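Below is one structure, written out as structure tokens; comments come after it.
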Amino acid sequence: MVHGDRRDRSRPRQSIRIEAVARDYRTAVHPFDLEGAYPNFMMDDEGEARVKASYGDNYARLSALKKKYDPANLFRVNQNIPPAA
């Protein structure tokens, strides 16, 4: 697992290589993943489907709570659960 800021601005080429290794690793092990995940460890490009899978049956309830308590989606850092429509 690669954790933390993958972009070391002082060594951009090395950072790009490290990010590529992390993506290749994720692609290789993805078929063996369990349904859930730790959203804070997800990469930026994993998408909403992966976030929904992580929360499972709780996703709809969490989205409804988000609509009630944060309808403007102020708290949207990391893998966000948007407010229900």
Within segment 30-47, count every residue that is open to solvent by 100 Å² or more (accessible area, probe 1.4 Å) and hydrophobic (A, V, I, L, M, F, W, C). 3
Which numbered condition trips up Thr27, out of (1) open to solvent by 80 Å² or more (accessible area, probe 1.4 Å); (2) within 21 Å of Val77 (Cα to Cα); (3) among the polar types (S, T, N, Q); (4) at pLDDT 80 or above? (2)
Scan segment 48-85 for residues that are open to solvent by 50 Å² or more (accessible area, probe 1.4 Å) and part of a loop (DSSP other than H, G, I, E, B) and jot them down. Pro71, Ala72, Leu74, Phe75, Arg76, Val77, Asn78, Ala85
Flagged in segment 30-47 as in a helix (DSSP H, G or I) and either farther than 16 Å from Asn78 by Cα or in contact (Cβ under 8 Å) with a residue 12 or more places away in the chain (or both), in numbering order, are His30, Pro31, Phe32, Pro39, Asn40, Phe41
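The values are calculated or read from the model by the stated rules, or taken from the named source; none is laboratory data. Since the structure is predicted, the reported quantities are computational estimates derived from the model, not experimental observations. Here Cβ is always computed from backbone atoms with ideal geometry, including for glycine, and neighbour counts include all displayed protein chains. The accessibility values were calculated without ligands, DNA or RNA, using every heavy atom of the protein model including side chains. Shrake-Rupley method; radii C 1.70, N 1.55, O 1.52, S 1.80 Å.
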